[in-house]
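The values are calculated or read from the model by the stated rules, or taken from the named source; none is laboratory data. Values in this document were obtained by computation on a predicted structure and should not be read as measured data. Don't worry about glycine lacking a Cβ; one is built from the backbone with ideal geometry, like all the others, and counts go over all protein chains shown. Surface areas here come from the heavy atoms of the whole protein model, side chains and all, with no ligands, DNA or RNA. Shrake-Rupley method; radii C 1.70, N 1.55, O 1.52, S 1.80 Å.
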Amino acid sequence: FGRCFLIQNKASIAGLSSPFSDRQRGIVPKAPCSLKIKAAAAAAASNRDRNGTVLAVETVTKEMAEAESLIDDSQPTVAGGIRDAYGEDAATEDQPVTPWSLSVACGYSLLRDPRHNKGLAFTDKERDAHYLLGLLPPSVPSQELQVKKLMNIIRQYQVPLQKYMYMMDLQERNERLFYKLLIDHVEEMLPIVYTPTVGEACQKYGSIFSRPQGLYISLKEKGRILEVLRNWPEKNIQVIVVTDGQRILGLGDLGCQGMGIPVGKLSLYTALGGVRPSACLPITIDVGTNNEKLLDDEFYIGLRQRRATGQEYDELLHEFMTAVKQNYGERVLVQFEDFANHNAFDLLAKYGTTHLVFNDDIQGTAAVVLSGLMAALKLLGGTLADHRFLFLGAGEAGTGIAELIALEISKQTQMPLDEARKNIWLVDSKGLIVESRKESLQHFKKPWAHDHEPVETLLEAVNDIKPTVLIGTSGVGRTFTQEVVEAMASFNEKPLILALSNPTSQSECTAEQAYTWTNGRAIYASGSPFPPVEYEGQTYVPGQSNNAYIFPGLGLGLIMSGTIRVHDDMLLAASEALAAQVTQENLDNGQIYPPFTNIRKISAHIAANVAAKAYELGLATRLPRPKDLVAYAESCMYSPSYRNYR
């Protein structure tokens, strides 16, 4: 044991071993435990031979048991009601922590523990106290210097997927350094850890897979899902991102390899929204795949069968949702990600009244687009009710955005929702959605079937409807042709064009095309990032309508208020908070979204607005309500700075 107890020595002497860490047994030590550990350590150190073998095992075991008996996880703290045992929140940044892993992590095991590893940044005192002498070179760089070094390495890679793989490896080696780097260089690294690079990573996930980063629940585990959830080492889960991999970005059915999406989303929950890494759980539900290429791929990591549908699928999802609530409680946020259209709408409708659920493709996309429209009104003039909207794409994203726009118009004008929908038109693969097609439409498209003659092409729809705003959610690249964009420019002084499909290859048009075909008059934003465009001596900075603006702050607001259901008014509150962060300088550059460099500040304001709405609606359970919700949100945020170890 010495100054830290080595589980390997204990096991070798007692002839016993256990694979379970304290966290796996649901044990998270409080600060007072360190006093017991020190006492046990001193007893063990006095009875240790020159090889470091612990002789006083019984004494140490007794002291460890006494230490564990002091643990009480029921006391709420500032960060969402769960004790900050690992020292993750900004509010506890100055407090020393004990690096618990397998008992107290030390020596070589400490260097292999991503939550507590600091690399070369362990101080001389920490190296001496935790058996690291000789295991590291003598240099003790700052965390900032480590970030600088890693950025130099990452920038040498020419292939984005190589950068992605390096970042995932860093996350598995040194968690705090990963988030420090991501936060400090968010605009450069966001396209690497998320869209568009994550799309390629999912396509090749079987080939690049090295370590599991979440839970895989397949049809094989049907009837045992609660048991699977309990295998995850962390017990205090606050956010789950789950996918079945059927509709990954614009890439289609990637089956089990869709795990890259929940992993990436939760990295952003932490980096951008400040949700603790230990409170995040990525899950892939594997019901098979209809992708023949994957089924024939020898490196595919999922079930080799066609997708389960109907009752078998529904039963598995219901068991999952029931087990989540049973294991993690009423206030765990479940974010549905990249489900096929029919399943996405059905799941949201079915569990929206019984669970804290959120669909980023439907609701998150809608909130971020609505925010961009609110900001763009400062350039276009008028109100939302004064504009006409035309969508290419009538799936989850398109109908979700359209509905939230209609809700905001109804809220602003007090007009009935059906009336507010009349200025919003959608085009799907069969043409303009009109009344004569209503009987054959899917249920989520029917509210958008208006009186009009059938129209087959987007260009015809643009010329007939004469929209002021053109929004692409089709998942099909280069569908905003030159003729379509020029038509928009012919009857709009400043046509607003949002090409939202991901990844970059699926964008309906590029930023350069939008500015060139409108003679620099377009207001443009896309789903994936595009570089600034030089046109006739002027630099245009395209906006990025990225869901990452919304869901991290929304999630933080739900967590810190203890909200038990997501309400549409909370999405509107998030949109309003984001739009308020767009400055006049941003608008002068043609940007309808603020820069990502301020994303943590933005997320704090979004969280505060969402929490305020939750308290107003009576859906918040953490009482009393904090006086300053923005300051409270900032205090709840995860801090990636290294902590001092006792």
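Could you grab me the full set of residues in the stretch 616-632 that are among the small types (Gly, Ala, Ser) and either touching a Leu at 6+ places or on another chain (Cβ under 6 Å) or free of Cβ contacts under 8 Å to residues at least 40 places away in the same chain (or both)? Steps first, please.
The first filter runs over the stretch 616-632 and keeps only residues among the small types (Gly, Ala, Ser), leaving 618, 620, 631.
Hits for the stretch 616-632 are Gly618, Ala631.
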Subject >> Given (1) part of a helix (DSSP H, G or I); (2) in contact with a Leu (Cβ under 8 Å, 6 or more places away or on another chain); (3) under 22 Å from Trp232 (Cβ atoms); (4) of a type in the set (A, V, I, L, M, F, W, C), index of the condition Ile362 fails >> reply: (3)
**OP:** Take the stretch 324-339 and flag every residue that is surrounded by fewer than 18 Cβ atoms within 10 Å (Cβ to Cβ) and in contact (Cβ under 8 Å) with a residue 12 or more places away in the chain.
**Re:** Lys325, Gln326, Asn327, Glu330
Subject >> Residue in the stretch 86-132 that is surrounded by the most Cβ atoms within 10 Å (Cβ to Cβ), counting only those that are in contact with a strand residue (DSSP E or B) (Cβ under 8 Å, 6 or more places away or on another chain) and assigned to a helix (DSSP H, G or I) >> reply: Leu110
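Restricting to the stretch 308-323, name every residue that is in a loop (DSSP other than H, G, I, E, B) and open to solvent by less than 20 Å² (accessible area, probe 1.4 Å).
First pass over the stretch 308-323, keeping only residues in a loop (DSSP other than H, G, I, E, B): 308-309.
The one that is in a loop (DSSP other than H, G, I, E, B) and open to solvent by less than 20 Å² (accessible area, probe 1.4 Å): Ala308.
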Subject >> Residue list for the stretch 377-388, restricted to those being open to solvent by 10 Å² or more (accessible area, probe 1.4 Å), among the aliphatic types (A, V, I, L, M) and under 28 Å from Gly475 (Cβ atoms) >> reply: Leu377, Leu379, Leu380
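Within the bounds of the stretch 278-301, is there any residue that is basic (Lys, Arg), touching a residue at least 24 places away in the same chain (Cβ under 8 Å), open to solvent by 10 Å² or more (accessible area, probe 1.4 Å) and in a helix (DSSP H, G or I)? It would help to see each step written out before you state the result.
First, the residues of the stretch 278-301 that are basic (Lys, Arg): 293.
Next, only the ones that are touching a residue at least 24 places away in the same chain (Cβ under 8 Å) stay: none.
For the stretch 278-301, residues basic (Lys, Arg), touching a residue at least 24 places away in the same chain (Cβ under 8 Å), open to solvent by 10 Å² or more (accessible area, probe 1.4 Å) and in a helix (DSSP H, G or I): absent.
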Original post:
Does any residue of the stretch 204-220 turn out to be modelled with pLDDT under 95 and crowded, with 22+ Cβ neighbours inside 10 Å?
Top reply: yes
Subject >> Every residue from the stretch 144-180 that is touching a Leu at 6+ places or on another chain (Cβ under 6 Å) and crowded, with 21+ Cβ neighbours inside 10 Å >> reply: Phe178
**OP:** Note down all Cβ pairs under 7 Å where the first residue falls in the stretch 435-456 and is of a type in the set (Lys, Arg), the second is buried (at least 17 other Cβ atoms within 10 Å of the Cβ) and in a loop (DSSP other than H, G, I, E, B), and they're at least six residues apart or on different chains.
**Re:** Arg437/Ala449; Lys438/Ala449; Lys445/Ala394; Lys445/Ile433
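Tell me the residue from Leu558, Leu587, Leu554 that is in a helix (DSSP H, G or I) and surrounded by fewer than 18 Cβ atoms within 10 Å (Cβ to Cβ), please.
Being in a helix (DSSP H, G or I) and surrounded by fewer than 18 Cβ atoms within 10 Å (Cβ to Cβ) holds for just one of Leu558, Leu587, Leu554, which is Leu587.
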Subject >> the stretch 232-274, residues that are open to solvent by less than 20 Å² (accessible area, probe 1.4 Å), under 22 Å from Asn546 (Cβ atoms) and in a loop (DSSP other than H, G, I, E, B) >> reply: Gly245, Ile248, Leu254, Leu272, Gly273, Gly274
Subject >> Test for Leu177: is it over 23 Å from Glu298 (Cα atoms) and either out of contact with any Ser or Thr (no Cβ under 6 Å at 6 or more places or on another chain) or hydroxyl-bearing (Ser, Thr, Tyr) (or both) >> reply: yes
Subject >> Lone unmet requirement of (1) over 20 Å from the mean Cα position of the chain (by Cα); (2) open to solvent by 30 Å² or more (accessible area, probe 1.4 Å); (3) under 25 Å from Val332 (Cβ atoms) for Asp568 >> reply: (1)
Original post:
If you go through the stretch 190-198 one residue at a time, do you hit one that is part of a loop (DSSP other than H, G, I, E, B) and β-branched (Val, Ile, Thr)?
Top reply: yes
**OP:** Among residues belonging to the stretch 133-175 that are among the polar types (S, T, N, Q) and part of a loop (DSSP other than H, G, I, E, B), point out the one that is nearest to Lys265 (Cα to Cα).
**Re:** Asn174
Original post:
Based on what the data block shows, is Gly223 in contact with a Lys or Arg (Cβ under 6 Å, 6 or more places away or on another chain), at pLDDT 95 or above and part of a loop (DSSP other than H, G, I, E, B)?
Top reply: no
Original post:
Is at least one residue of the stretch 566-576 in contact with a helix residue (DSSP H, G or I) (Cβ under 9 Å, 6 or more places away or on another chain) and not in a helix (DSSP H, G or I)?
Top reply: yes
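Results for (1) surrounded by fewer than 19 Cβ atoms within 10 Å (Cβ to Cβ); (2) touching a Gly at 6+ places or on another chain (Cβ under 6 Å), shown as yes or no for each residue.
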{"residue": "Leu432", "(1), (2)": "no, no"}
{"residue": "Trp448", "(1), (2)": "no, no"}
{"residue": "Glu453", "(1), (2)": "yes, no"}
{"residue": "Glu456", "(1), (2)": "yes, yes"}
{"residue": "Asn463", "(1), (2)": "yes, no"}
{"residue": "Gln506", "(1), (2)": "no, yes"}
{"residue": "Tyr515", "(1), (2)": "no, no"}
{"residue": "Ala525", "(1), (2)": "no, yes"}
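What are the residues in the stretch 451-510 that are small (Gly, Ala, Ser) and either assigned to a loop (DSSP other than H, G, I, E, B) or under 13 Å from Phe389 (Cα atoms) (or both), if any? Steps first, answer last, please.
Within the stretch 451-510, the first condition is being small (Gly, Ala, Ser), and the residues that meet it are 461, 472, 474-475, 477, 487, 489-490, 499, 501, 505, 507.
Across the stretch 451-510, the qualifying residues are Ala461, Gly472, Ser474, Gly475, Gly477, Ser501, Ser507.
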Original post:
Listed residues Val485, Val469; which is of a type outside the set (S, T, N, Q), under 21 Å from Glu536 (Cβ atoms) and open to solvent by less than 60 Å² (accessible area, probe 1.4 Å)?
Top reply: Val485
**OP:** Would you point out the residue of the stretch 389-426, among those that are over 22 Å from Ser507 (Cα atoms) and part of a loop (DSSP other than H, G, I, E, B), that is most open to solvent (accessible area, probe 1.4 Å)?
**Re:** Gln414
Original post:
Leu390 versus (1) out of contact with any strand residue (DSSP E or B) (no Cβ under 9 Å at 6 or more places or on another chain); (2) within 21 Å of Phe444 (Cβ to Cβ): which is the lone unmet condition?
Top reply: (1)
**OP:** Take the residues in the stretch 418-450 that are β-branched (Val, Ile, Thr) and over 17 Å from Leu384 (Cβ atoms), then tell me which one is nearest to the chain's Cα centre (by Cα).
**Re:** Val427
